[in-house]
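Each remark here refers to the structure printed beneath this line.
The values are calculated or read from the model by the stated rules, or taken from the named source; none is laboratory data. It should be emphasised that the depicted structure is a prediction, and the values quoted were computed from it without experimental measurement. When we count neighbours, we look across all protein chains shown, and the Cβ atoms used for this are built from the backbone with ideal geometry, even at glycine. For accessibility, only protein heavy atoms count, side chains too; no ligands or nucleic acids. Shrake-Rupley method; radii C 1.70, N 1.55, O 1.52, S 1.80 Å.
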Amino acid sequence: MRQLIVLGIVGLIAQLIDGSLGMAYGVTSTTLLLAAGTAPAAASAAVHFSELGTSLVSGISHHRFGNVDWRTVGILAGPGFIGAVLGSTFLASLDGEAATPWISGILLALGVYVIWRFLALGGKRPEFKSRPSAGMLVPVGFVGGALDAIGGGGWGPVGTTTLLSSGRLEPRKVIGSIDTSEFVVAVGGSLGFLIALGSQGIEWQIVAALLIGGVIAAPFAAWLVKLLPAKVLAVGAGGIIILTNIRTILLTFGLGASTVWLTLAGLALVWFGLLAHVVRVERVAAKARKVEEAGAEVAVGSCSAAAEPRRANCPSAREAAG
């Protein structure tokens, strides 16, 4: 019973991160299930079945808050479904113990990818030039769906970070669209696991615990997406993913407990340093935006008090903000 309560809390925390960041539900949940000794295929299957409920509630919540671009969802969903079906059937054919370090390696790479992509954005404000093209969305959907099934997570790390860094869609719509289309990916992954493993291979108690926690968190996460800095959450989630999977890989190679813990302590210090750096960058960027907006208000106010000949040459509020 205690384990199921812990898994429910894991689902809640993972969905809070995923719904407000557009990633990390699958990667976080699968990482912790693998650390608890669950076989890779069973862990990924449980996560995907729980995502049927969490992604549906999350998508509805994001839609109500106006966070969804339905064109992006429509193009991503099909390739994501196909990739998830193929990835889940491939994973189910692998030997569990032999696959665990490889899956942890994929999850580790995804954790590094999440942190790197968000740090690469720095403190600059994204510019939204145009909506993402189908030529970009189709391969992103297929690769994200396949990695999501094989690694138990990957739809968000691939889709959200790619779309955010492209600067073609505002962040809240990137996150809302990725979360909404994830329902179709979860259907594909679940179908593949059901065909490959059968219903007896699914640990339904784990599914239920993750589902309950995730469904509770989903509406709050859709609301939080407008409040929390995405880069802070990205570095936080990526750090947890990296530390947990490094531990699994080091133990697989038979390293001693002291070596493992020293390595984890060193990486944790680097992670805390990155978190502190990102928080500072966010604060500086927020202050710069406030100064910029205050300057724009002053410029527009001066123009409105100017004589008629000068007023015609004055910028609008948006032009003054630059």
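Observations
- Cα-based Kirkwood hydrodynamic radius, segment 235-276, one decimal, Å: 10.5 Å
- Charge tally for ALA134 (other residues, Cβ to Cβ under 14 Å; Lys, Arg +1; Asp, Glu -1): +2.
- The length gained on full extension between THR263 and ALA286, counted as 0.36 nm times the residue separation minus their Cα-Cα distance, comes to 4.8 nm.
- Probe 1.4 Å - accessible area at ARG247, Å² to nearest ten: 80 Å²
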